[in-house]
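Each remark here refers to the structure printed beneath this line.
The values are calculated or read from the model by the stated rules, or taken from the named source; none is laboratory data. The structure displayed is predicted, hence computed values, not measured ones. Using ideal geometry, Cβ is built from the backbone for each residue, glycine included, and neighbour counts are taken over all protein chains shown.
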Amino acid sequence: MTPSGIWTGGSFHQGESMPYVNIKVTKEGVSLQQKTELIRGVTQLLADVLGKNPATTVVVIDEVDTDNWGIGGETVTVRRKKGQ
């Protein structure tokens, strides 16, 4: 693969861009239905706003434990216990 092309599951396309979106949420019970809606919605948004091909749009959802996510020098776990 070269910088000016992408691999799309069996074919190589020169000059096309493959949007990659990484959504990070805290690991607190995001349902499969909610993840499905996020993936569909982001894919459609990129198609509508930027004219991107939904077939080559990649959306990844990372669920991060609240002990591994910090804001203002504290973990989200600690902040939530404090009611922040």
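In the stretch 71-84, of all residues being in contact with a Lys or Arg (Cβ under 9 Å, 6 or more places away or on another chain) and part of a strand (DSSP E or B), the one that is nearest to VAL42 (Cα to Cα) corresponds to ILE71.
Tell me which residues, restricted to the stretch 46-84, are hydroxyl-bearing (Ser, Thr, Tyr) and closer than 20 Å to LYS27 by Cβ. Before the answer, list the steps.
Just the residues of the stretch 46-84 that are hydroxyl-bearing (Ser, Thr, Tyr), to begin with: 56-57, 66, 75, 77.
Within the stretch 46-84, THR66, THR75, THR77 meet the criteria.
Could we say that VAL42 is among the aliphatic types (A, V, I, L, M), assigned to a strand (DSSP E or B), surrounded by 14 or more Cβ atoms within 10 Å (Cβ to Cβ) and modelled with pLDDT of 95 or more here? When the stated conditions are applied, VAL42 does not pass them.
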